[in-house]
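**Q** Have a look at the structure that comes next, please.
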Amino acid sequence: MEPELAQVDLDDVNLEIAAEAAGSQSKNAAPVSPVEERKPARMLRATLVLVPAILALVAIARLTVLYRGGAASDMQGKAPAALTGKHASVATEIYIVDDRDAKNDGQNAMLAAVAGEAPYFHKWFGDHKSKAFHHDGGDPTASKIAVTGTYEPSLQTDGCYEVHEWHPSGPWSQMSMSASVEVTHTHGVARMLVDQGSQGGQWNYLASFHFKKGAAQVALSNRGSRCVGAKPCYTSFDAFRFIYTAPACDSHAKISKENTFVFGSILLSVSNAAAFIADPKVTPALTSALATLAGASSDAVSISISAGKRRLSSSPQLAASVIVSYRIKTPSGGQPSDFADALDAKTTADVANAIEKALLSAGSALTVLVTDMRTTPDSADAVEDTPVSSSEVAAADAKEPASKPTCMPATIINDFDSHLVTSIVSPEAHDLPQRGLDAFRPGRVGEKPFFHDWFGDIFKKDFHHDAHMNKGLVQVNYTSPLAEAGCYLVQEWHLGGNKYCVNYMPRRVPFHVHDARGAQTTYTDQSTNGGQWNTLGLFQFSTSATIVMSNAGTNDCQYRNSCYTVFDSLRLVHVGGKCDDVDHGEDSLVRMSDLACDSSNSLAQLRHAPGQNEAEPSTAESSSIKLLGIMAPHEKTVVAPEENIKVSWQTEGVASGTDVKISLLYDDEVLAATKHRMSSASGEMQFLVPSARFIKSYSNVVAHGSSRFRVRIDVQHVKVELSNGWSNQLYAYSPYFTIKV
């Protein structure tokens, strides 16, 4: 079979787009160049076999005067710039070294994370079907016996590289706030500390360095590692990324500024510690109170609440006490010691007054007595008096299992499983599916909300939402058969977002679980812990399970009347025969979640790694997720040869001025292609269908029918971050449609 234009590497396609951008005017009816008609004569076929090779040589010659992403019209009169990527001396722009390729260079070896064993972190880099990271064992004294992982990228050229690190997310009190990083570069060794208790599950920029070919090295160690909690204290070893930027580093290259925090604890006396900790209004109220006391924003405050088991001072231990451990990021330019002194100057009356006001504002009638408060800029001082939760003690004291734990069968119900999920929309609801105004609305590319970290398909918005409307009028029934009766750990997955997105997320979303004991209602806070499995509880089911999720009472986000209730996935993990025989402790629940079988991607972690975009995603272009969706043609489209077909699309996270390539395919064979320059997040053009003679000659339409046509759109040079690597390929296919040949 003759070579076809579809088999061109995407980098070549992208660079071809850049090279010809000046001559390609984006008109509403763009000219389409069908693949040259190939005659059956043997001589002509032989000639045409050479055509793609000749064209490729011409294209490469033209590209030597272009820089990537620039239009030809912008380069007139300018000196040519060197290309990066595989078309120049740099073999690739991005090098990633994962922990599985790191070398053990310490006194003790890195330990591979194991399902069902601590630490129970998530959003690691790598395989989403296993716990793809290493750690040092979590012993608080481990820093005296160093564990070091050495990462050595195979750089193919000298130059300046940005260095980024990735660590998992998890309980910040169990994660090192001072993991040691040493970067060996052309001019020496740079040393820095990484706070692994924040910004987990994403790439974090460290600094830019000049490296010689094959001579780069980064050593990550637990030397001097400390946590805010007494134990356990984990240093995790995940991935490093090196991005080539220039032949030489700018002397003013940005260097990552280390986050600075103050730590502390508050001892509270309450009437019922368990009820206080379980109340969903308590955590946001305490966070707000501490932010007020510190003169900081709420997103700078992290807290952990546990039942009192230790004394913070010489005062007697209270029978019903609660300990609030907190971490507050100091303001830019502020001194941690001054910040800590200012907080310590607050009296217990000041603290109690702030907490009572915050509880009242949250609609809670709870009252507290503040017994003590302690703040320090140094985690070493905080360790002695910082409480340890029962789950931390259990995780630290747990003995190694005799054998590898057996995974627990898991059933996942995705919101797009139409045979298992049914929306129940009240007649009073505003519901117009025919106009795209569904009350139970699927996420659509280019439309709000611009959240991320959903469960499911990484190339579409795989979730539903209520469009911040119809509160109390939408329910979603998740019903699934189960392989066997028994006790199940029920978990939900909702979306994540940056610090602005969480303001649109409701804080008390009800789930009505129908089990052997009847209907029980539990709640989840969608403004926290997005992009992971969150436990609703243990429930006794027969051979089927029914859980009904509702948007009743969900207008309780920061921006009231703009609260998006999200309907995503549920997971049911079979943990035993009877729930009465299963340990209900927090550490046991976390371990069982960690042991869920991965045969159905039940251990799926981060679905998208957002960029470092801290702007409010109010438009599709400002979204931190890169997506492309084709609106037309669709499955009902029918056109004739030599007619124009409407092609329209929506994007998110793609800047205006980006080039796209639109191709017409029969199955996977390209019949025609054209280019278009986007002026906004959405685009539309008329695409000329080739002649019937051409289609019959160069497709299998005669044998397989006329309903196998589709459109593919490729976006130029848009990097899409996935949990198990990176790709510069952002593309989408339309549904199959019909051309009447």
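**Q** Between Asp338 and His419, how many nm apart are label points set 7 Å from Cα along the C-beta direction?
**A** 6.6 nm
**Q** Could you bin all the Cα-Cα distances of the range 636-720 into 5 Å bins starting at 0 and give me the percent of pairs in each, rounded to whole numbers?
**A** Histogram of Cα-Cα distances, whole percents per bin: 3, 13, 25, 22, 15, 11, 8, 3, 0.
**Q** Another question, if that's okay. Could you give the size of the charge dipole of the range 94-246 about its Cα centre, using +1 on the Cβ of each K and R and -1 on the Cβ of each D and E, expressed in debye and rounded to the nearest 20? Please list the in-between numbers first.
**A** On the way: 13 positive and 15 negative charges, 34 e Å.
Dipole of the range 94-246, to the nearest 20 debye: 160 debye.
**Q** Separate question: How big is the range 94-246 by Rg and Dmax over its Cα atoms, in Å?
**A** My reading of the Cα-based Rg and Dmax gives 14.7, 45 Å.
**Q** Would you tally the net charge around Ala289, using a Cβ to Cβ cut-off of less than 9 Å, leaving Ala289 out, and scoring K and R as +1, D and E as -1?
**A** Net charge around Ala289: 0.
**Q** Right, here's the next one. Net charge near Leu482, counting Lys/Arg +1 and Asp/Glu -1 over other residues with Cβ under 13 Å of its Cβ?
**A** My count for the surroundings of Leu482 gives -1.
**Q** If you take every residue apart from Asn555 with its C-beta less than 12 Å away from the C-beta of Asn555, what net charge results, scoring Lys and Arg +1 and Asp and Glu -1?
**A** Numbers: positive: Lys471, Arg507, Arg508, Arg560; negative: Asp466, Asp556.
That works out to +2.
**Q** Counting only Cα atoms, I'd like the Rg/Rh figure for the range 410-594, Kirkwood definition for Rh. All intermediate terms of the calculation are to be shown ahead of the outcome.
**A** Values: Rg = 16.2 Å, Rh = 16.8 Å.
Over the Cα atoms of the range 410-594, Rg/Rh equals 0.96.
Every number here is computed from the coordinates shown, using simple stated rules; none is lab data. Here the structure is a predicted model, which means the values were calculated and not measured. Cβ: placed from backbone, ideal geometry, glycine included. Neighbour counts: every protein chain shown.
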